[in-house]
């Protein structure tokens, strides 16, 4: 992969969708044209985004450009992690079993359950009164 070519990947988590472009470079990660440290202030979310690079031992080798929308901050971090892992697996086939073993290539299918009629929320029923 040369400097001007890139590998792309799409990741999803809850309602968040992330599109990632992975290029050879200085290790800079831009999320919606801002450094990811500005967008994600919590160390947990930063670690989630860096996790695919730490596992594959490629920290600082790629420049990452991310477009993410939908969901909250937690879902967006998970979507970015999923997209980076998928693009790394596409870039180098040797990374695929490593990322698969850590569970980063699997889409997290947990989403909000819909509200059902006759209930107050998805599962909460109105209080039962005998008399």
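The values are calculated or read from the model by the stated rules, or taken from the named source; none is laboratory data. On a predicted model such as this, the values are computed, not experimentally measured, just so you know. All Cβ positions, even for glycine, are placed from backbone atoms using ideal geometry, and neighbour counts span all protein chains on display.
Table for the structure above
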| read-out | value |
| --- | --- |
| Pick from segment 64-80, criterion buried (at least 20 other Cβ atoms within 10 Å of the Cβ) and outside any helix (DSSP H, G or I), ranking: farthest from the chain's Cα centre (by Cα) | 64 |
| Search result, residues across segment 22-78 that are closer than 16 Å to residue 7 by Cα and touching a residue at least 60 places away in the same chain (Cβ under 8 Å) | 22 |
| Residue satisfying all of: in segment 95-128; within 21 Å of the chain's Cα centre (by Cα) and loosely packed, with under 10 Cβ neighbours inside 10 Å; modelled with the lowest pLDDT among these | 112 |
| Yes/no for residue 25 being out of contact with any helix residue (DSSP H, G or I) (no Cβ under 9 Å at 6 or more places or on another chain) and within 30 Å of residue 123 (Cβ to Cβ) | no |
| Residue within segment 81-104 that is in a loop (DSSP other than H, G, I, E, B), within 15 Å of residue 10 (Cα to Cα) and touching a residue at least 12 places away in the same chain (Cβ under 8 Å) present | yes |
